[in-house]
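Engineer: This is the structure I want to talk about, given as structure tokens.
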Amino acid sequence: VVDGQMLVNAGFDDGEPAPWNFIGSASIDSVTIYQGTHSLRLRIGLSEAQQMVVLDAGVEYTLSCVFLKNTSAFMRILENGVVAMITDRTTEPLDARWVKRTLQFTAPNGGSYVVSIKTERAGW
């Protein structure tokens, strides 16, 4: 398992999306936050934030995100535009409003992958 932070601006605390690529209605929010000064806001409908990372083959990576409880958002990892791993519905309660979802992934190949935080519809 790789220790440390691989994503840049992972908490969106820079107040700017870079180096994330926002799709649809994804935006930075300074009101609804778990920790820090900003968060990612995904609205119902096509809404997504993506960031490219370079992974080593055969290495296990862990991606964790904090979400508002009952959100339809999820995490996934793409390789060459194809979904390589997606989170399930398992959550770890953090408090009355927030839950943590964790995705563990072993990269089958070395190279570029896309980390995606996404929502598509109401409910899940």
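The values are calculated or read from the model by the stated rules, or taken from the named source; none is laboratory data. These figures come from a predicted structure and were not determined experimentally. With ideal geometry, Cβ positions are generated from the backbone for all residues, glycine too; neighbour counts draw on all protein chains shown.
Engineer: If the Cβ limit is 9 Å and pairs must be 6+ apart or interchain, which residue in segment 78-104 that is under 17 Å from L63 (Cα atoms) and aromatic (F, W, Y) pairs with which residue that is outside any strand (DSSP E or B) and at pLDDT below 90?
Structural biologist: Qualifying pairs under 9 Å: W98/K69.
Engineer: Please work out which one of (1) touching a residue at least 24 places away in the same chain (Cβ under 8 Å); (2) closer than 22 Å to P19 by Cα; (3) more than 13 Å from the chain's Cα centre (by Cα) is the condition K118 fails and give its number.
Structural biologist: With respect to (1) touching a residue at least 24 places away in the same chain (Cβ under 8 Å); (2) closer than 22 Å to P19 by Cα; (3) more than 13 Å from the chain's Cα centre (by Cα), K118 is out only on (3).
Engineer: Moving on. Mind counting the residues in segment 85-96 that are among the β-branched types (V, I, T) and assigned to a strand (DSSP E or B)?
Structural biologist: Qualifying residue count, segment 85-96: 1.
Engineer: Here is a check on your reading of the model: is V99 loosely packed, with under 14 Cβ neighbours inside 10 Å, modelled with pLDDT of 90 or more, assigned to a strand (DSSP E or B) and not polar (S, T, N, Q)? It would help to see each step written out before you state the result.
Structural biologist: On the way: loosely packed, with under 14 Cβ neighbours inside 10 Å: no; modelled with pLDDT of 90 or more: yes; assigned to a strand (DSSP E or B): yes; not polar (S, T, N, Q): yes.
So V99 fails the test.
Engineer: Give me the pairs: first residue in segment 6-17 and farther than 15 Å from Y34 by Cα, second residue of a type outside the set (G, A, S) and assigned to a loop (DSSP other than H, G, I, E, B), beta-carbon distance under 6 Å, and six or more apart or on different chains, which are they?
Structural biologist: Short answer, once both residue conditions are applied: V8/P19.
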